[in-house]
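Colleague: What follows is a single structure, and I will ask about it in a moment.
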Amino acid sequence: MPDSAPTWITVLTPWEFYPSVVLVSLVTVTLYIRGMRRLRATGHPVSFARSLSFFVGVAITYAVLHTQFDYYAQYLFFAHRLQHLVLHHLGPFFIALAAPWSVLAAGLPQRWRDVNWRALPGAWLIVGGYRILQFPPLAAFLFVGIIFFWLTPSIHFYAMLDLKLYHLMNWSMFLDGLLFWWLILNPSPQQGPSFGWRIIILLAIMVPQILLGAYITLSESTLYDIYAICGRAFPIAPAADQMVGGVITWIPPAMMSAIAILVMLSYIRRQDMVSARSPGALTGAA
Amino acid sequence: MTAIRLVFIAIVLALTSACSQEPVEWSGTDISGMLPELKFSLQSENAAPVSEQDFTGKYNILFFGYTYCPDICPTTLARLKSALSKLEAAEQQRINILFVSVDPKRDAPEQLKAYTDAFGSEFIGLTGDMDALQTLTKRYRVAFGYGKPDETGAYEVSHSSAAFVFDADGKARLLLRDDLSADMIAKDLDQLLKS
């Protein structure tokens, strides 16, 4: 690393250039802005809070993947854990909370919006695959399982050494995070499990994540020797690096479950208010 | 129904978290195809520009360190020397050990030469400016960094603890961790040279 003072440019310059990250970020943000404009013009503006949540989610995901932060994430265990906290929990959480799909769809060119996607050949495969992945017990299993998978010491070793595997790891963490948080944060009670079940899923995923985090934090031997093999970004005791990384794996993910449960409670409250109002609305319509 | 599934999930997770295994044939780690072939442009211990082409045709063991290194570098170099001494003389002739100093501020070419010569003629010191070193370390997915200097100006340098073995064609073959014994390294090198 250069020891000259960091400037905005050096901080924002990606350590590794990932064309996929640039492409996906650009396309998504462009579609969203076009969609916002179009919806405002048709009298259905997107609320400020939703857009803010979307842009915060995209911005932090981009920041951990495509700035100098990625350098630290490759050469310090705790920075790697922070990167995955954003990739798997925070970034997808904010994006899913914004429920951006209708806005993104509105940003598509007119020709594409007119296509009946579900009638296209092969569409059933995607729809079916999506349904299977979003089967709640499987979704919960994948969400936690993918953390355990990439943190299995022998697998972690190759993921940090082989750049192709490293990209695969980061993409899989983000995409699975997005699937899971959309299953949980989808505001429609008709789509996906009931709000009560979602709370149970959120509680269930806390347990293995806490156990894993505690295991790493309290482990006295070095679990991930790849950071010694590749050299750390700066001199730090391996035990301290592992302990901080363990705490990051332990506490914040469990807190994300707690925060999501609060969101569920607000959804339930809103649902109750809607159902209390709807009989009156029905008589009014009649 | 769902509750039973969740219990099942917990059990499977507990089982999958405990699996780890090493390749059988090598004590080191087979990195064929995982890292790019040997390529660099650095400075020799005689302050002359050198590249990988000056070393092709031989097996090269690349190791990153610095001469002020208190522990990992001298023990690793000593272990490599001991491993080489266990090989047949003809095999020893086919191996270079390239010691790349990532502390060019303190490691002038003559100092590097004195340091590597102490280990033997097959040990070759290399260094370069920050750009050249960073290009090389990034290529092999390793990092280095400097600690804060103390009152005497001494500082720690974090660097890779492993050695990378390249074959005569410059292809990356093995990664030797610092927990391997000289015997294990010798056996791996012997296997590699005979393959």
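Colleague: Read through the list (1) over 13 Å from the mean Cα position of the chain (by Cα); (2) at pLDDT below 90, then give the number of the only condition that residue B:171 fails.
Modeller: With (1) over 13 Å from the mean Cα position of the chain (by Cα); (2) at pLDDT below 90 applied to residue B:171, the lone miss is (2).
Colleague: Can you find even one residue in segment A:226-243 that is of a type in the set (Gly, Ala, Ser), more than 10 Å from chain B (Cβ to nearest Cβ), in a loop (DSSP other than H, G, I, E, B) and more than 30 Å from residue A:153 (Cβ to Cβ)?
Modeller: Scanning segment A:226-243, I find no residue that is of a type in the set (Gly, Ala, Ser), more than 10 Å from chain B (Cβ to nearest Cβ), in a loop (DSSP other than H, G, I, E, B) and more than 30 Å from residue A:153 (Cβ to Cβ), so the answer is no.
Colleague: Does at least one position in segment B:151-165 carry a residue that is open to solvent by 10 Å² or more (accessible area, probe 1.4 Å), over 18 Å from the mean Cα position of the chain (by Cα) and within 23 Å of residue B:57 (Cα to Cα)?
Modeller: Among the residues of segment B:151-165, not one is open to solvent by 10 Å² or more (accessible area, probe 1.4 Å), over 18 Å from the mean Cα position of the chain (by Cα) and within 23 Å of residue B:57 (Cα to Cα), which makes the answer no.
Colleague: Turning to a different aspect of this structure: Being surrounded by 18 or more Cβ atoms within 10 Å (Cβ to Cβ), within 14 Å of chain A (Cβ to nearest Cβ) and not in a loop (DSSP other than H, G, I, E, B) is the requirement here; does residue B:186 meet it?
Modeller: Numbers: surrounded by 18 or more Cβ atoms within 10 Å (Cβ to Cβ): yes; within 14 Å of chain A (Cβ to nearest Cβ): no; not in a loop (DSSP other than H, G, I, E, B): yes.
No, not satisfied.
Colleague: Hey, could you check segment A:102-151 for residues that are outside any helix (DSSP H, G or I) and in contact (Cβ under 8 Å) with a residue 24 or more places away in the chain and say which is nearest to the other protein chains (Cβ to nearest Cβ)?
Modeller: Out of the qualifying residues, it is A:134.
Colleague: Given B:118, B:154, B:132, B:143, which one is more than 8 Å from every other protein chain (Cβ to nearest Cβ) and without any contact (Cβ under 8 Å) to a residue 24 or more places away in the chain?
Modeller: From the options B:118, B:154, B:132, B:143, the qualifying one is B:118.
Colleague: Separate question: Go through segment A:182-211 and give me each residue that's under 19 Å from the mean Cα position of the chain (by Cα), touching a residue at least 60 places away in the same chain (Cβ under 8 Å) and open to solvent by 20 Å² or more (accessible area, probe 1.4 Å).
Modeller: A:182, A:187, A:199, A:204, A:208, listed by residue number.
Colleague: Also, quick follow-up: Taking only segment A:28-76 into account, find how many residues are closer than 19 Å to residue A:109 by Cα and surrounded by 16 or more Cβ atoms within 10 Å (Cβ to Cβ).
Modeller: Residues flagged as closer than 19 Å to residue A:109 by Cα and surrounded by 16 or more Cβ atoms within 10 Å (Cβ to Cβ) within segment A:28-76 amount to 10.
Colleague: Turning to a different aspect of this structure: Between a residue in segment A:269-280 that is more than 23 Å from residue A:199 (Cα to Cα) and any residue that is modelled with pLDDT under 85 and of a type in the set (Phe, Trp, Tyr), which pairs come within a Cβ distance under 6 Å, given they are 6 or more apart or on different chains?
Modeller: From segment A:269-280, no pairs qualify.
The values are calculated or read from the model by the stated rules, or taken from the named source; none is laboratory data. Nothing here was measured: the structure is a model prediction, and the numbers come from that model. FYI the Cβ positions are ideal-geometry reconstructions off the backbone, even for glycines, and counts take in every protein chain you see. For accessibility, only protein heavy atoms count, side chains too; no ligands or nucleic acids. Shrake-Rupley method; radii C 1.70, N 1.55, O 1.52, S 1.80 Å.
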